[in-house]
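> Can you keep this structure in mind? I'll have questions shortly.
The values are calculated or read from the model by the stated rules, or taken from the named source; none is laboratory data. This structure is a prediction, so every number in the text was calculated from the model and none was measured. Note that we place each Cβ from the backbone using ideal geometry, even for glycine, and neighbour counts take in every protein chain shown.
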Amino acid sequence: MKTPYVPALKTNTKPVSVDGPASAAFTVVELLVVIAAIAILAALLIPGLARGNQQAEGDQCMGNLKQLSEAWLMYNSDNRGHFAPNAGETQQGGTSPTNPDLGPGGPNAQWCPGRQDPGAIPLPDWLSPSTLAPHAANIGLEWIQAGLIYPYVKNVQLYLCPADESFGNAFGLRFPHVRSKSMNAWLNPLGGPWNSGSDDANLRVYTKESDLTIPGPANTWLIIDENQNSINDAFFVADPTEPSIADPQWIDCPASYHNGGCGISFCDGHAAIKKWRDPVVLAQTSMSVGPGQTWSGEGSKYLPDILWLVNRTTALKSATSFVGPQSW
């Protein structure tokens, strides 16, 4: 039998490197170019991301204000057009959010009780420390929940501006603020209106919807973000006659969390971000508020800002129309 022919297998005689194929490496110059390019891209992108975050916070803040304003309007509707009372430091119903006086019909019932300032003594009765155990009751939130408006929203987060990271300092602890919002002090003030101005007796006090004739619901502000150094109760005072109509001063101070502006809503339910130019307002930037650091009022250094606010707060009884300024 004939043996079949089988061709010999070819072998690769080329030597193989035990180190594998050679790899290309970056030179020092190339690495520096890449690093520089990344740095340039970061410099271009990070400000844009920050602006985007500020815009998102501003939008959320306005959304919160709109919901609280709608809750206020629903309360009014359920109470024959009468506004929820608004109270200062001396009408907080003691030092417990469970005080029956805060309930509907109680002598201290109000839209939002509680205090945020380190002058509230003892502070742990008003705010909980940052060391609070998970799921433990937060006393600051319990004060919010005791308000007349809360049942209409049932969301404590609406009361804090998303850009507000402020806290009180006491006993070596931080007490985070749980509320940024305060209400116009001329809207149904519990215990009577503010009376430190030169002509307060001739200013309008609004207790029900039919009172909102001048400046009118769309021009009368309702809820504002108050500066962290100024906020105490939920009763924000702006007075067009203190110390005089010609030269009003900041009594309480608005916030400037949103690139120099703050959230503000109006009695018709709309909300906006108001940008401030007054250096007095813009200087209040510290998020840490300790005893002796709280706001005590100051004269305006940019009159258009204070006039914009006080003329949207209340009006003289003799006024026949909104006096402005119209511009924002």
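> If a residue must be surrounded by fewer than 23 Cβ atoms within 10 Å (Cβ to Cβ) and either touching a His at 6+ places or on another chain (Cβ under 8 Å) or of a type in the set (A, V, I, L, M) (or both), how many such residues does segment 103-122 contain?
Residues that pass the stated criteria total 3.
> Just checking, does segment 303-313 include any residue being polar (S, T, N, Q) and touching a Ser or Thr at 6+ places or on another chain (Cβ under 8 Å)?
Yes; the residues of segment 303-313 include at least one that is polar (S, T, N, Q) and touching a Ser or Thr at 6+ places or on another chain (Cβ under 8 Å).
> Among residues belonging to segment 246-266 that are touching a residue at least 60 places away in the same chain (Cβ under 8 Å) and not in a strand (DSSP E or B), point out the one that is nearest to V310 (Cα to Cα).
P248
Here's the yes/no breakdown for (1) of a type in the set (S, T, Y); (2) at pLDDT 95 or above; (3) on the phi < 0 side of the Ramachandran plot:
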{"site": "C253", "(1), (2), (3)": "no, yes, yes"}
{"site": "N259", "(1), (2), (3)": "no, no, no"}
{"site": "A271", "(1), (2), (3)": "no, yes, yes"}
{"site": "S286", "(1), (2), (3)": "yes, no, yes"}
{"site": "Q293", "(1), (2), (3)": "no, no, yes"}
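> Counting only residues that are more than 26 Å from A137 (Cβ to Cβ) and modelled with pLDDT of 95 or more, how many does segment 54-71 have?
Going through segment 54-71 one residue at a time, the tally reaches 7.
> While we're here: Could you list, in sequence order, all residues of segment 269-328 that are surrounded by 14 or more Cβ atoms within 10 Å (Cβ to Cβ), among the basic types (K, R) and in a loop (DSSP other than H, G, I, E, B)?
K301, R312
> Quick one: which strands (runs of 3 or more DSSP E) lie wholly within segment 150-239 and hold at least 1 residues that are more than 22 Å from I306 (Cα to Cα)?
167-170, 173-176
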